[in-house]
1. Once both axes come from the Cα atoms, what is the angle between helix 349-372 and the longest principal axis of the chain, in degrees from 0 to 90, rounded to 10?
2. Sum -39500 (n - 2.57) across every DSSP H segment of at least 4 residues in the chain, then divide by the residue count to get the 222 nm mean residue ellipticity, nearest 500.
3. Quick check for you: with a 1.4 Å probe and neighbouring chains kept, what is the accessible area per residue of the stretch 43-220, in Å²?
4. Carbon and sulfur together cover what percent of the accessible area of the chain at a 1.4 Å probe radius?
5. Please list 3J(HN,Hα) in residue order for the stretch 472-477, calculated via the Karplus relation 6.51 cos²θ - 1.76 cosθ + 1.60 where θ = phi - 60°; whole Hz, with x for glycine and proline.
6. P(r) for the stretch 43-220, please, calculated from all Cα pair distances in 10 Å bins and given in %.
7. To the nearest 10 degrees, how steeply does helix 393-405 sit against the main Cα axis of the chain, on a 0 to 90 scale?
8. How much area per residue is accessible in the stretch 303-355 when the probe is 1.4 Å and only protein heavy atoms are counted (Å²)?
Amino acid sequence: MYKSTKLTFIRWFYEVIDVSNHMSSKLDEYLARIDRLPTWGLSYALLWAIGFSYFITLYDAVGNIGAALPYIPFINASQASLIASLGLFGYIPGSLGLGYLADRIGRRTVLIITVLLTAIGSLGMALSVNFPMLAVFRFIEGAGIGGDLNLAMVYISEFAPSAKRGKYANWIYAAGWIAVGIGSTIAALLVTGLPSIGWRLAFGIAAIMAVAALVIRIRAPETVRFLVKKGRINEAESIVRIMEETAMKRARVQSLPEPKIINYSYQTTNPFSILAKRVFTKRLVGLLLFWFFIYFVQYTFSTLWDYYGKFIGYSGTMLNQFVLLTGFSALGDTLMAFLLLIIIERTDRRLITQIGSIGWLVGMIVASYFALHFNLLSMALTLALITNAIGGGMSYLAGYLMSSESFPTAARSTGFAITDGLGHLGGAIGPLLLFPLVLATGPINAWAIEAFPVVVAAAILWFTVPRTVGVRLEEINEIHLTPQQPQGGIIKSEK
(Lines give C-alpha, C1' and ligand atoms only; values in the text may rest on other atoms or scores of the structure.)
Protein backbone atom coordinates (compact mmCIF):
# COMPACT_ATOMS: atom_id res chain seq x y z
CA MET A 1 0.00 0.00 0.00
CA TYR A 2 2.77 2.41 1.03
CA LYS A 3 4.95 1.52 -1.98
CA SER A 4 1.98 1.89 -4.32
CA THR A 5 1.16 5.35 -2.93
CA LYS A 6 4.82 6.38 -3.15
CA LEU A 7 5.09 5.23 -6.78
CA THR A 8 1.87 7.04 -7.64
CA PHE A 9 3.20 10.25 -6.10
CA ILE A 10 6.54 9.96 -7.94
CA ARG A 11 4.75 9.31 -11.22
CA TRP A 12 2.47 12.35 -10.62
CA PHE A 13 5.47 14.51 -9.70
CA TYR A 14 7.31 13.71 -12.92
CA GLU A 15 4.16 14.23 -14.98
CA VAL A 16 3.86 17.72 -13.48
CA ILE A 17 7.50 18.41 -14.34
CA ASP A 18 6.96 17.17 -17.92
CA VAL A 19 3.90 19.40 -18.34
CA SER A 20 5.77 22.38 -16.92
CA ASN A 21 8.74 21.79 -19.21
CA HIS A 22 6.42 21.43 -22.20
CA MET A 23 4.69 24.73 -21.36
CA SER A 24 8.03 26.50 -20.96
CA SER A 25 9.24 25.08 -24.27
CA LYS A 26 6.08 26.19 -26.07
CA LEU A 27 6.33 29.70 -24.64
CA ASP A 28 9.96 29.97 -25.74
CA GLU A 29 8.86 28.94 -29.22
CA TYR A 30 5.97 31.42 -29.31
CA LEU A 31 8.13 34.31 -28.11
CA ALA A 32 10.69 33.57 -30.81
CA ARG A 33 7.97 33.43 -33.45
CA ILE A 34 6.54 36.77 -32.31
CA ASP A 35 9.98 38.38 -32.16
CA ARG A 36 10.68 37.61 -35.84
CA LEU A 37 7.51 39.38 -37.04
CA PRO A 38 8.22 42.34 -39.34
CA THR A 39 5.25 44.34 -38.09
CA TRP A 40 2.32 44.34 -35.63
CA GLY A 41 0.64 40.96 -35.89
CA LEU A 42 -2.85 41.69 -34.60
CA SER A 43 -5.64 43.99 -35.71
CA TYR A 44 -4.69 47.65 -35.72
CA ALA A 45 -8.17 48.21 -34.28
CA LEU A 46 -7.00 46.42 -31.13
CA LEU A 47 -3.91 48.61 -30.93
CA TRP A 48 -6.00 51.72 -31.31
CA ALA A 49 -8.59 50.37 -28.85
CA ILE A 50 -5.96 50.22 -26.14
CA GLY A 51 -4.71 53.62 -27.26
CA PHE A 52 -8.27 54.95 -27.23
CA SER A 53 -8.60 53.78 -23.65
CA TYR A 54 -5.31 55.51 -22.86
CA PHE A 55 -6.88 58.63 -24.39
CA ILE A 56 -9.79 58.35 -21.98
CA THR A 57 -7.55 57.59 -19.03
CA LEU A 58 -5.26 60.57 -19.44
CA TYR A 59 -8.09 62.88 -20.45
CA ASP A 60 -9.86 61.97 -17.23
CA ALA A 61 -6.67 61.96 -15.17
CA VAL A 62 -5.21 65.30 -16.19
CA GLY A 63 -7.12 66.75 -19.14
CA ASN A 64 -10.40 67.77 -17.55
CA ILE A 65 -9.93 67.91 -13.78
CA GLY A 66 -7.59 70.91 -13.75
CA ALA A 67 -9.83 72.99 -16.00
CA ALA A 68 -13.01 71.96 -14.14
CA LEU A 69 -11.99 72.64 -10.53
CA PRO A 70 -12.08 76.48 -10.61
CA TYR A 71 -15.66 76.36 -11.95
CA ILE A 72 -17.25 73.83 -9.57
CA PRO A 73 -19.45 76.05 -7.36
CA PHE A 74 -19.62 73.95 -4.20
CA ILE A 75 -15.86 73.58 -3.43
CA ASN A 76 -13.18 75.91 -2.03
CA ALA A 77 -9.36 75.93 -2.44
CA SER A 78 -8.66 73.27 0.20
CA GLN A 79 -11.43 71.05 -1.14
CA ALA A 80 -10.09 71.48 -4.70
CA SER A 81 -6.71 70.24 -3.49
CA LEU A 82 -8.37 67.30 -1.75
CA ILE A 83 -10.36 66.36 -4.87
CA ALA A 84 -7.13 66.40 -6.87
CA SER A 85 -5.44 64.19 -4.27
CA LEU A 86 -8.35 61.75 -3.85
CA GLY A 87 -8.05 60.64 -7.45
CA LEU A 88 -4.42 59.83 -6.80
CA PHE A 89 -5.23 58.02 -3.56
CA GLY A 90 -7.66 55.94 -5.63
CA TYR A 91 -4.84 55.09 -8.03
CA ILE A 92 -2.96 53.23 -5.32
CA PRO A 93 -5.46 50.43 -4.48
CA GLY A 94 -6.56 50.42 -8.12
CA SER A 95 -3.05 49.97 -9.46
CA LEU A 96 -1.86 47.53 -6.79
CA GLY A 97 -5.03 45.46 -6.53
CA LEU A 98 -5.86 45.33 -10.21
CA GLY A 99 -2.21 44.90 -11.20
CA TYR A 100 -1.85 41.87 -8.93
CA LEU A 101 -5.17 40.54 -10.19
CA ALA A 102 -3.94 40.82 -13.79
CA ASP A 103 -1.03 38.49 -12.97
CA ARG A 104 -3.47 35.98 -11.45
CA ILE A 105 -6.58 36.01 -13.68
CA GLY A 106 -5.36 37.65 -16.89
CA ARG A 107 -4.66 40.97 -18.57
CA ARG A 108 -7.82 41.07 -20.69
CA THR A 109 -10.30 40.53 -17.83
CA VAL A 110 -8.75 43.25 -15.72
CA LEU A 111 -8.62 45.66 -18.68
CA ILE A 112 -12.40 45.36 -18.78
CA ILE A 113 -12.71 46.01 -15.04
CA THR A 114 -10.52 49.12 -15.18
CA VAL A 115 -12.52 50.82 -17.90
CA LEU A 116 -15.78 49.99 -16.08
CA LEU A 117 -14.53 51.74 -12.94
CA THR A 118 -13.45 54.74 -15.00
CA ALA A 119 -16.90 55.00 -16.61
CA ILE A 120 -18.71 54.78 -13.26
CA GLY A 121 -16.43 57.34 -11.62
CA SER A 122 -16.63 59.84 -14.50
CA LEU A 123 -20.42 59.65 -14.70
CA GLY A 124 -20.74 60.07 -10.94
CA MET A 125 -18.52 63.16 -11.00
CA ALA A 126 -20.59 64.68 -13.80
CA LEU A 127 -23.77 64.22 -11.76
CA SER A 128 -22.33 65.32 -8.39
CA VAL A 129 -24.29 67.88 -6.37
CA ASN A 130 -21.99 68.28 -3.35
CA PHE A 131 -18.41 67.82 -2.22
CA PRO A 132 -18.80 64.33 -0.62
CA MET A 133 -20.41 62.89 -3.77
CA LEU A 134 -17.71 64.39 -5.97
CA ALA A 135 -15.01 63.01 -3.66
CA VAL A 136 -16.38 59.44 -3.66
CA PHE A 137 -16.67 59.21 -7.44
CA ARG A 138 -13.28 60.87 -7.95
CA PHE A 139 -11.79 58.07 -5.82
CA ILE A 140 -13.59 55.38 -7.86
CA GLU A 141 -12.45 56.99 -11.11
CA GLY A 142 -8.90 57.12 -9.76
CA ALA A 143 -8.96 53.38 -8.99
CA GLY A 144 -9.92 52.59 -12.58
CA ILE A 145 -7.34 54.93 -14.05
CA GLY A 146 -4.60 53.60 -11.76
CA GLY A 147 -5.15 50.05 -12.94
CA ASP A 148 -5.52 51.04 -16.57
CA LEU A 149 -2.40 53.16 -17.01
CA ASN A 150 0.04 50.38 -16.19
CA LEU A 151 -1.91 47.42 -17.54
CA ALA A 152 -2.36 48.92 -21.01
CA MET A 153 1.42 49.31 -21.37
CA VAL A 154 2.02 45.75 -20.07
CA TYR A 155 -0.51 44.39 -22.55
CA ILE A 156 1.12 46.05 -25.56
CA SER A 157 4.64 45.15 -24.38
CA GLU A 158 3.73 41.45 -24.21
CA PHE A 159 2.39 41.37 -27.77
CA ALA A 160 5.01 43.48 -29.55
CA PRO A 161 8.22 42.11 -31.13
CA SER A 162 11.10 43.25 -28.90
CA ALA A 163 12.74 45.33 -31.64
CA LYS A 164 9.50 47.29 -32.09
CA ARG A 165 8.23 47.37 -28.48
CA GLY A 166 8.94 51.06 -28.05
CA LYS A 167 7.27 51.93 -31.35
CA TYR A 168 3.96 50.24 -30.58
CA ALA A 169 3.98 51.37 -26.96
CA ASN A 170 4.40 54.88 -28.32
CA TRP A 171 1.22 54.47 -30.36
CA ILE A 172 -0.93 54.10 -27.26
CA TYR A 173 1.20 56.67 -25.46
CA ALA A 174 0.58 59.14 -28.29
CA ALA A 175 -3.16 58.53 -27.99
CA GLY A 176 -2.94 59.37 -24.29
CA TRP A 177 -1.01 62.56 -24.88
CA ILE A 178 -3.41 63.61 -27.63
CA ALA A 179 -5.94 63.47 -24.82
CA VAL A 180 -3.74 65.61 -22.60
CA GLY A 181 -3.36 68.16 -25.38
CA ILE A 182 -6.66 68.15 -27.23
CA GLY A 183 -8.62 66.99 -24.18
CA SER A 184 -7.27 69.82 -22.05
CA THR A 185 -8.16 72.26 -24.81
CA ILE A 186 -11.71 70.90 -25.11
CA ALA A 187 -12.19 70.96 -21.34
CA ALA A 188 -10.90 74.55 -21.17
CA LEU A 189 -13.29 75.63 -23.95
CA LEU A 190 -16.24 73.94 -22.21
CA VAL A 191 -15.69 75.41 -18.75
CA THR A 192 -14.98 78.93 -20.02
CA GLY A 193 -17.76 78.90 -22.62
CA LEU A 194 -20.40 77.32 -20.36
CA PRO A 195 -19.30 78.18 -16.80
CA SER A 196 -22.42 76.76 -15.13
CA ILE A 197 -22.43 73.28 -16.71
CA GLY A 198 -19.18 73.06 -18.65
CA TRP A 199 -17.42 71.17 -15.86
CA ARG A 200 -20.20 68.55 -15.87
CA LEU A 201 -19.88 68.11 -19.63
CA ALA A 202 -16.11 67.69 -19.31
CA PHE A 203 -16.62 64.75 -16.93
CA GLY A 204 -19.58 63.36 -18.90
CA ILE A 205 -17.56 63.11 -22.13
CA ALA A 206 -15.10 60.81 -20.34
CA ALA A 207 -17.91 58.51 -19.22
CA ILE A 208 -19.25 58.20 -22.76
CA MET A 209 -15.81 57.42 -24.18
CA ALA A 210 -15.16 54.84 -21.46
CA VAL A 211 -18.32 52.94 -22.39
CA ALA A 212 -17.23 52.94 -26.05
CA ALA A 213 -13.82 51.58 -25.07
CA LEU A 214 -15.47 48.86 -22.99
CA VAL A 215 -17.26 47.54 -26.08
CA ILE A 216 -13.96 47.30 -27.97
CA ARG A 217 -11.99 45.74 -25.10
CA ILE A 218 -14.44 42.87 -24.69
CA ARG A 219 -13.16 41.54 -28.04
CA ALA A 220 -9.46 41.78 -27.09
CA PRO A 221 -7.48 38.49 -26.82
CA GLU A 222 -5.53 37.40 -23.77
CA THR A 223 -1.74 37.72 -24.06
CA VAL A 224 0.25 34.70 -25.25
CA ARG A 225 2.51 34.74 -22.19
CA PHE A 226 -0.44 34.53 -19.82
CA LEU A 227 -2.26 31.84 -21.84
CA VAL A 228 0.78 29.55 -21.79
CA LYS A 229 1.33 30.22 -18.11
CA LYS A 230 -2.22 28.93 -17.51
CA GLY A 231 -1.77 25.91 -19.80
CA ARG A 232 -4.07 27.22 -22.55
CA ILE A 233 -1.70 26.14 -25.31
CA ASN A 234 -4.26 25.79 -28.11
CA GLU A 235 -5.48 29.37 -27.64
CA ALA A 236 -1.92 30.66 -27.59
CA GLU A 237 -1.03 28.71 -30.76
CA SER A 238 -4.08 30.13 -32.53
CA ILE A 239 -3.16 33.72 -31.62
CA VAL A 240 0.47 33.31 -32.70
CA ARG A 241 -0.59 31.80 -36.00
CA ILE A 242 -2.98 34.69 -36.63
CA MET A 243 -0.18 37.14 -35.79
CA GLU A 244 2.16 35.47 -38.28
CA GLU A 245 -0.40 35.44 -41.07
CA THR A 246 -1.40 39.05 -40.44
CA ALA A 247 2.19 40.32 -40.26
CA MET A 248 3.18 38.49 -43.48
CA LYS A 249 0.20 39.95 -45.32
CA ARG A 250 0.98 43.48 -44.11
CA ALA A 251 4.69 43.20 -44.91
CA ARG A 252 3.92 41.48 -48.25
CA VAL A 253 6.29 38.60 -47.64
CA GLN A 254 5.78 34.92 -48.38
CA SER A 255 7.82 33.57 -45.46
CA LEU A 256 9.37 34.57 -42.14
CA PRO A 257 12.92 34.07 -40.80
CA GLU A 258 13.59 31.00 -38.70
CA PRO A 259 12.70 31.75 -35.05
CA LYS A 260 15.67 32.19 -32.72
CA ILE A 261 14.59 30.23 -29.68
CA ILE A 262 16.04 30.93 -26.26
CA ASN A 263 15.09 28.59 -23.42
CA TYR A 264 14.26 30.29 -20.16
CA SER A 265 13.32 29.19 -16.67
CA TYR A 266 9.86 30.48 -15.77
CA GLN A 267 8.64 31.07 -12.23
CA THR A 268 5.02 30.30 -11.39
CA THR A 269 5.25 31.26 -7.73
CA ASN A 270 3.60 34.25 -6.09
CA PRO A 271 4.71 37.46 -7.86
CA PHE A 272 5.92 38.96 -4.59
CA SER A 273 8.45 36.17 -4.05
CA ILE A 274 9.95 36.94 -7.46
CA LEU A 275 10.07 40.67 -6.80
CA ALA A 276 11.81 39.99 -3.48
CA LYS A 277 14.95 38.95 -5.38
CA ARG A 278 17.62 41.61 -5.02
CA VAL A 279 17.87 42.50 -8.71
CA PHE A 280 14.15 43.16 -9.01
CA THR A 281 13.86 44.87 -5.63
CA LYS A 282 16.51 47.35 -6.78
CA ARG A 283 14.48 48.05 -9.91
CA LEU A 284 11.33 48.44 -7.82
CA VAL A 285 12.96 51.02 -5.59
CA GLY A 286 14.45 53.02 -8.46
CA LEU A 287 11.22 53.13 -10.44
CA LEU A 288 9.13 53.81 -7.34
CA LEU A 289 11.22 56.87 -6.51
CA PHE A 290 10.97 58.09 -10.09
CA TRP A 291 7.20 57.73 -10.23
CA PHE A 292 6.70 59.21 -6.77
CA PHE A 293 8.45 62.45 -7.69
CA ILE A 294 7.26 62.70 -11.30
CA TYR A 295 3.69 62.42 -10.04
CA PHE A 296 4.52 64.78 -7.17
CA VAL A 297 5.09 67.60 -9.66
CA GLN A 298 2.90 66.40 -12.59
CA TYR A 299 -0.36 66.09 -10.71
CA THR A 300 0.22 69.24 -8.73
CA PHE A 301 0.64 71.05 -12.04
CA SER A 302 -2.11 69.31 -14.03
CA THR A 303 -4.79 69.51 -11.33
CA LEU A 304 -4.01 72.82 -9.63
CA TRP A 305 -2.24 75.11 -12.11
CA ASP A 306 -5.55 76.69 -13.18
CA TYR A 307 -6.67 77.04 -9.56
CA TYR A 308 -3.22 78.43 -8.76
CA GLY A 309 -3.95 81.26 -11.25
CA LYS A 310 -7.10 82.06 -9.31
CA PHE A 311 -5.15 81.84 -6.05
CA ILE A 312 -2.54 84.44 -7.11
CA GLY A 313 -5.11 86.97 -8.33
CA TYR A 314 -6.53 86.08 -11.76
CA SER A 315 -10.29 86.60 -12.10
CA GLY A 316 -13.00 87.23 -14.67
CA THR A 317 -11.77 87.49 -18.25
CA MET A 318 -8.13 87.17 -17.21
CA LEU A 319 -8.84 83.87 -15.44
CA ASN A 320 -10.60 82.57 -18.56
CA GLN A 321 -7.57 83.52 -20.67
CA PHE A 322 -5.26 81.87 -18.14
CA VAL A 323 -7.26 78.61 -18.27
CA LEU A 324 -7.57 78.63 -22.06
CA LEU A 325 -3.86 79.23 -22.65
CA THR A 326 -2.96 76.53 -20.14
CA GLY A 327 -5.25 74.14 -22.00
CA PHE A 328 -3.74 75.02 -25.39
CA SER A 329 -0.21 74.62 -23.99
CA ALA A 330 -0.88 70.94 -23.30
CA LEU A 331 -0.63 70.38 -27.05
CA GLY A 332 3.12 70.34 -26.38
CA ASP A 333 2.63 66.87 -24.87
CA THR A 334 0.92 65.72 -28.05
CA LEU A 335 3.66 67.09 -30.29
CA MET A 336 6.41 65.37 -28.29
CA ALA A 337 4.56 62.04 -28.37
CA PHE A 338 4.88 62.03 -32.17
CA LEU A 339 8.46 63.33 -32.18
CA LEU A 340 9.46 60.46 -29.89
CA LEU A 341 8.58 58.01 -32.67
CA ILE A 342 11.86 59.07 -34.29
CA ILE A 343 14.12 58.30 -31.32
CA ILE A 344 12.33 55.90 -28.99
CA GLU A 345 13.84 52.71 -30.47
CA ARG A 346 17.37 54.15 -30.59
CA THR A 347 17.73 56.07 -27.34
CA ASP A 348 18.26 54.75 -23.83
CA ARG A 349 15.04 55.18 -21.85
CA ARG A 350 17.06 56.48 -18.89
CA LEU A 351 18.50 59.36 -20.93
CA ILE A 352 15.04 60.37 -22.09
CA THR A 353 13.73 60.50 -18.52
CA GLN A 354 16.75 62.50 -17.37
CA ILE A 355 16.18 65.16 -20.04
CA GLY A 356 12.47 65.20 -19.18
CA SER A 357 13.13 65.71 -15.47
CA ILE A 358 15.27 68.77 -16.18
CA GLY A 359 12.45 70.08 -18.38
CA TRP A 360 10.12 69.88 -15.40
CA LEU A 361 12.42 71.92 -13.18
CA VAL A 362 13.24 74.63 -15.72
CA GLY A 363 9.69 74.81 -17.07
CA MET A 364 7.97 75.22 -13.71
CA ILE A 365 10.36 77.93 -12.51
CA VAL A 366 10.06 79.99 -15.71
CA ALA A 367 6.29 79.48 -16.12
CA SER A 368 5.54 80.45 -12.52
CA TYR A 369 7.64 83.61 -12.99
CA PHE A 370 5.63 84.67 -16.05
CA ALA A 371 2.32 83.76 -14.39
CA LEU A 372 3.20 85.90 -11.37
CA HIS A 373 3.92 88.86 -13.68
CA PHE A 374 0.73 88.37 -15.73
CA ASN A 375 2.69 87.65 -18.92
CA LEU A 376 0.26 85.08 -20.25
CA LEU A 377 1.76 84.51 -23.70
CA SER A 378 5.25 83.80 -22.36
CA MET A 379 3.73 81.58 -19.67
CA ALA A 380 1.83 79.55 -22.26
CA LEU A 381 4.88 79.13 -24.52
CA THR A 382 6.98 77.96 -21.55
CA LEU A 383 4.33 75.47 -20.51
CA ALA A 384 3.96 74.16 -24.06
CA LEU A 385 7.60 73.85 -25.10
CA ILE A 386 9.42 73.08 -21.86
CA THR A 387 7.04 71.83 -19.19
CA ASN A 388 4.64 69.81 -21.35
CA ALA A 389 6.75 68.80 -24.35
CA ILE A 390 10.05 68.07 -22.60
CA GLY A 391 8.94 67.50 -19.01
CA GLY A 392 5.75 65.52 -19.45
CA GLY A 393 6.11 64.38 -23.05
CA MET A 394 9.55 62.79 -22.64
CA SER A 395 9.40 61.51 -19.06
CA TYR A 396 6.27 59.45 -19.24
CA LEU A 397 6.79 57.22 -22.26
CA ALA A 398 10.29 56.19 -21.18
CA GLY A 399 9.10 55.65 -17.61
CA TYR A 400 6.11 53.53 -18.64
CA LEU A 401 8.29 51.44 -20.92
CA MET A 402 10.90 50.80 -18.22
CA SER A 403 8.21 49.81 -15.74
CA SER A 404 6.67 47.34 -18.20
CA GLU A 405 10.07 45.92 -19.23
CA SER A 406 11.88 45.50 -15.91
CA PHE A 407 10.06 42.52 -14.34
CA PRO A 408 9.48 38.83 -15.25
CA THR A 409 6.26 37.69 -16.92
CA ALA A 410 4.77 36.17 -13.75
CA ALA A 411 5.30 39.42 -11.85
CA ARG A 412 5.25 42.05 -14.61
CA SER A 413 1.86 43.56 -13.91
CA THR A 414 2.41 43.40 -10.14
CA GLY A 415 5.83 45.04 -10.43
CA PHE A 416 4.45 47.82 -12.61
CA ALA A 417 1.52 48.22 -10.22
CA ILE A 418 3.78 48.61 -7.19
CA THR A 419 6.05 51.20 -8.79
CA ASP A 420 3.30 53.16 -10.51
CA GLY A 421 0.62 52.60 -7.87
CA LEU A 422 2.64 53.54 -4.80
CA GLY A 423 4.31 56.23 -6.90
CA HIS A 424 0.95 57.95 -7.09
CA LEU A 425 1.33 58.75 -3.41
CA GLY A 426 3.55 61.54 -4.68
CA GLY A 427 0.69 62.79 -6.83
CA ALA A 428 -1.61 62.71 -3.81
CA ILE A 429 0.82 64.57 -1.55
CA GLY A 430 2.07 67.19 -4.03
CA PRO A 431 -1.25 69.07 -4.46
CA LEU A 432 -1.77 69.22 -0.68
CA LEU A 433 1.59 70.98 -0.26
CA LEU A 434 1.37 73.52 -3.07
CA PHE A 435 -0.60 76.35 -1.49
CA PRO A 436 1.14 76.10 1.91
CA LEU A 437 4.48 76.24 0.03
CA VAL A 438 3.32 79.27 -1.98
CA LEU A 439 2.43 81.08 1.26
CA ALA A 440 5.64 80.03 3.02
CA THR A 441 8.24 80.43 0.26
CA GLY A 442 6.61 82.33 -2.60
CA PRO A 443 5.18 81.07 -5.92
CA ILE A 444 8.45 80.53 -7.80
CA ASN A 445 10.22 78.74 -4.95
CA ALA A 446 7.14 76.59 -4.34
CA TRP A 447 7.17 75.24 -7.90
CA ALA A 448 10.95 74.73 -7.78
CA ILE A 449 10.55 72.66 -4.60
CA GLU A 450 7.83 70.59 -6.28
CA ALA A 451 9.97 69.90 -9.38
CA PHE A 452 13.56 69.49 -8.16
CA PRO A 453 13.33 65.96 -6.62
CA VAL A 454 12.38 64.37 -9.96
CA VAL A 455 15.79 65.37 -11.38
CA VAL A 456 17.48 63.36 -8.62
CA ALA A 457 15.07 60.43 -9.00
CA ALA A 458 15.75 60.23 -12.75
CA ALA A 459 19.49 60.14 -12.05
CA ILE A 460 19.00 57.16 -9.71
CA LEU A 461 17.49 55.15 -12.59
CA TRP A 462 20.95 54.93 -14.20
CA PHE A 463 22.05 52.74 -11.26
CA THR A 464 18.91 50.67 -10.73
CA VAL A 465 17.27 49.92 -14.11
CA PRO A 466 18.96 48.13 -17.07
CA ARG A 467 19.14 49.29 -20.68
CA THR A 468 16.13 47.73 -22.41
CA VAL A 469 16.09 49.12 -25.95
CA GLY A 470 15.56 46.31 -28.50
CA VAL A 471 16.10 43.48 -25.98
CA ARG A 472 13.62 40.62 -25.46
CA LEU A 473 11.82 40.92 -22.12
CA GLU A 474 13.01 37.48 -21.02
CA GLU A 475 16.65 38.42 -21.62
CA ILE A 476 16.20 41.37 -19.27
CA ASN A 477 14.30 39.46 -16.58
CA GLU A 478 14.00 35.65 -16.69
CA ILE A 479 17.76 35.42 -17.10
CA HIS A 480 18.05 36.37 -13.40
CA LEU A 481 15.74 33.64 -12.13
CA THR A 482 18.14 30.69 -12.53
CA PRO A 483 21.68 32.07 -12.20
CA GLN A 484 23.09 28.62 -11.44
CA GLN A 485 22.64 27.53 -15.07
CA PRO A 486 25.15 28.18 -17.87
CA GLN A 487 25.12 31.66 -19.42
CA GLY A 488 23.25 33.11 -16.46
CA GLY A 489 20.25 30.83 -16.65
CA ILE A 490 19.50 30.63 -20.37
CA ILE A 491 20.38 28.09 -23.02
CA LYS A 492 20.37 29.41 -26.56
CA SER A 493 19.36 27.28 -29.50
CA GLU A 494 18.04 27.90 -32.98
CA LYS A 495 15.62 25.99 -35.09
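1. With both axes taken from Cα atoms, the answer is about 10 degrees.
2. -25000 deg cm²/dmol, from helical runs alone.
3. Numbers: 5120 Å² over 178 residues.
On a per-residue basis, the stretch 43-220 sits at 29 Å².
4. 69
5. Whole-Hz 3J(HN,Hα) from phi for the stretch 472-477: 4, 4, 5, 6, 7, 10.
6. 11, 40, 33, 13, 3, 0
7. Orientation of helix 393-405: about 30 degrees from the principal axis.
8. On the way: 2090 Å² over 53 residues.
That works out to 39 Å² per residue.
The values are calculated or read from the model by the stated rules, or taken from the named source; none is laboratory data. In this text the structure is predicted, and so the values were computed from the model without any measurement. Counting neighbours? That spans all protein chains shown, and the Cβs are built from the backbone with ideal geometry, glycine included. To get the accessible areas, we keep the full protein, side chains included, count just its heavy atoms, and leave off ligands, DNA and RNA. Shrake-Rupley method; radii C 1.70, N 1.55, O 1.52, S 1.80 Å.
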